[in-house]
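The values are calculated or read from the model by the stated rules, or taken from the named source; none is laboratory data. Treat the numbers as computed from the prediction; the structure is a model and nothing was measured. Glycine also receives a Cβ, built like all others from the backbone with ideal geometry; neighbour counts cover every protein chain displayed. With ligands, DNA and RNA removed, areas are computed over all heavy atoms of the protein, side chains included. Shrake-Rupley method; radii C 1.70, N 1.55, O 1.52, S 1.80 Å.
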Amino acid sequence: MTILDSPPVRRGAPARFAGLAAGNFMIAMDATILNVALPGMGRDLHAPAAALPWAVDAYTVVLAGLMLASGSVADRWGPRRVYRAALAAFAAVSLLCAASPGVGFVIGGRALLGVPAAGLVPASMALLAALYPDPGERSRRIGALVSITGLGIVAGPVLGGALVSLAGWRPVFLVNVPVAALALAASRGLSGHRSGAARPIDRAGLLLSVAGLTALTFGLVDAGTRGWLRVTPAVALLAALASVGVLPVTQRRAASPVLPPALMALRRVRVDLVVAVASQLVYYGLLFTLTQWMVDARGMTALQAGLAFLPMTVPVAFVPMVTGRLVVRFGARRVMLAGMALDVLGGLVLAEGGTSLWAVFAVQVLVGTGSPLAIPACIADMAAAVPLRLAATGQGALNAARQTGTALGVAVFGTLGTLTATGSVLVAVAAATVAAAGLAGRARPRIDQVELDRLD
């Protein structure tokens, strides 16, 4: 949809903004609230260790795959209709998750939750653009929305821990229902404008991206929990490799590819996607691993574990506010590299500190600052790197990359046996990303300008 086609909406704008903020808050909260409930849920449902990462990853795998085409769906059916339908579906599926009789039902329900979540995010941004036509006001509201989303990440472990301590793991899903109801009520007056200019959906690209990520995640989890020298993980990883290999071929032939070759030709874009995957992988993988360690190894209650994560989650709500100024002053690439460098330091502390609570506290502060510093810099750099006609597609690809990193982080870190091993893998991932981004940045301006000239 375009701003010119949508009339300004002034009266009641704060309430309608609250409806958009509530939906984004819920999606962010759902990404972290389940972690502290997993140990209790596993015991209650007699779930094997290999199933617990999937209770988290089933959601993010589907969300990552469908995020690529969700903007086109909002354009086709109208962002308000998609947003409100996504809220209602999210609440309904959350009820099903809360009533799950076994871990398989939880995993299936979490996968279903990824479908409305993928539709909610881009639809809410389109609605925000229509609600605030003035660019300056819209920018301020986007900043506020990012901060509120960060608060959802902060609230997840604390609220989840409190609910688990009071009534077990099932209320962790039930909390979505009143939040979705409030968002639905507040969003009634949003613009119903539909652009009618939706691109056709690249079904082959979506299928390959979801299948490839699912196979990769399954292969990593299965190998990490049951051993690498087996047929099952080898077949899964080969299937993932095949999907990745075939995807570029389909993208060159598709009328409206989910990952346009013109976009992926830009080295600057590829760097942004790599940093987005790595920073999310490190952050959410560490969040998952430390949750299990705090509850299982340290004997903390779910509430204590949730509170113990504040050094890692609180910066998410505040660091992005500072990142914009840093990007203006030092450039996006330097800010990305600084964030990943803090992740490297966090991994070194964890690898050397073992099971010391002080080491765990320090790594939370470092990674809790580093990854939230890198992600907004990626968003800003992506906005500046691509032509205007590919701007929405670029941001969609970046969001998909972030969700992919989240899924892979849980899959990789969730199967490591010790915090020392976690720290070592963290260092390897973050250091490799710093090296790749630093080397690519040296030749990037000239190469990207050549590609941009071709696109124009």
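Helical runs assigned H by DSSP (4 residues or longer) give the chain a calculated mean residue ellipticity at 222 nm of -28000 deg cm²/dmol, each run adding -39500 (n - 2.57) before division by the residue total.
Taking every Cα-Cα distance in region 317-397 and sorting them into 5 Å bins starting at zero, the pair-distance distribution P(r) comes out as 3, 17, 21, 17, 16, 11, 8, 4, 2, 1, 0 percent. The apolar share of the surface of the chain, taken as the fraction of accessible area on carbon and sulfur atoms (1.4 Å probe, ligands and nucleic acids excluded), comes to 67 percent. Computed from the Kirkwood radius of its Cα pairs, the Stokes-Einstein diffusion coefficient for region 209-366 at 37 °C and 0.692 mPa s stands at 175 µm²/s. Between the C-alpha center of region 115-192 and that of region 268-335 there is a gap of 19 Å.
Each peptide in 329-339, 200-210 was scored by the mean count of other Cβ atoms within 10 Å over its residues; highest first, the order is 329-339, 200-210.
Taking the charge dipole of the chain about its Cα centre, with +1 at Lys and Arg Cβ atoms and -1 at Asp and Glu Cβ atoms, the residue from 180, 49, 289 reaching farthest to the positive side is 180. The largest-to-smallest principal axis extents of the Cα set in region 245-293 are 47, 21, 17 Å.
Could you sort 99-106, 266-273 so that the peptide with the highest average Cβ count within 10 Å comes first and the rest follow in order? Show your work: numbers first, answer last.
Details: 99-106: 15.6, 266-273: 23.1.
Per-residue mean Cβ counts within 10 Å order the peptides as 266-273, 99-106.
Taken over region 10-154, the alpha-carbon convex hull comes to 104 cubic angstrom per residue.
Can you give the charge dipole size of region 238-317 about its Cα centre, rounded to the nearest 20 debye, using +1 on the beta carbon of Lys and Arg and -1 on the beta carbon of Asp and Glu?
Working: 6 positive and 2 negative charges, 86 e Å.
Dipole of region 238-317, to the nearest 20 debye: 420 debye.
Beyond 18 Å, what share of the Cα-Cα pairs of region 86-171 remains, rounded to the nearest whole percent?
On the way: 2205 of 3655 pairs.
Counting pairs separated by more than 18 Å, the tail of P(r) holds 60 percent.
Rounded, prolate or oblate: which fits region 108-241 when a ≥ b ≥ c are the square roots of the eigenvalues of the alpha-carbon gyration tensor, with rounded for a/c under 1.5 and prolate only if a/b beats b/c?
Numbers: a/c = 2.50, a/b = 1.39, b/c = 1.80.
Since a/c reaches 1.5 but b/c is at least a/b, the shape of region 108-241 is classed as oblate.
Rounded to the nearest 20, the size of the Cβ-charge dipole of the chain about its Cα centre is 980 debye, with Lys and Arg at +1 and Asp and Glu at -1. Residues 247, 216, sorted by accessible area with the largest first, give 216, 247 [1.4 Å probe; ligands and nucleic acids excluded]. Label-to-label distance, residue 225 versus residue 432, with points set 7 angstrom from Cα along the beta-carbon direction: 2.3 nm.
Whole-Å semi-axes of region 22-93's equivalent ellipsoid, largest first, each the root of 5 times a Cα gyration tensor eigenvalue? Don't skip to the end; give the middle numbers.
Numbers: eigenvalues 169, 36, 19 Å².
Equivalent-ellipsoid dimensions as semi-axes: 29, 13, 10 Å.
Once the piece of chain linking residue 96 and residue 329 is laid out straight, how much longer is it, given 0.36 nm per residue of separation minus the C-alpha distance between them? Contour length minus Cα-Cα distance gives 79.0 nm. Mind grabbing the base-10 log of I(q)/I(0) for the chain at q = 0.05, 0.10, 0.13 Å⁻¹? Debye formula, identical points on the C-alpha positions, no solvent, two decimal places. Debye output, listed in q order: -0.16, -0.69, -1.24.
Please list 13-25, 217-229 highest first by mean number of surrounding beta-carbon atoms within 10 Å per residue.
Numbers: 13-25: 20.2, 217-229: 18.4.
Highest to lowest by the protection proxy: 13-25, 217-229.
Label-to-label distance, residue 137 versus residue 50, with points set 7 angstrom from Cα along the beta-carbon direction: 5.6 nm.
Model label sites at residue 318 and residue 304, defined 7 Å from Cα along the beta-carbon direction, differ in position by 2.6 nm. Shown is the FRET efficiency for residue 418 and residue 165, computed with R0 = 30 Å from the Cβ-Cβ distance and rounded to the nearest 0.05: 0.65. The reciprocal of the average 1/r between distinct C-alpha atoms defines the Kirkwood hydrodynamic radius, which for region 273-350 equals 14.1 Å.
Toward the positive end of the charge dipole of the chain, with +1 on the Cβ of Lys and Arg and -1 on the Cβ of Asp and Glu, the farthest Cα among 429, 395, 96 is that of 395.
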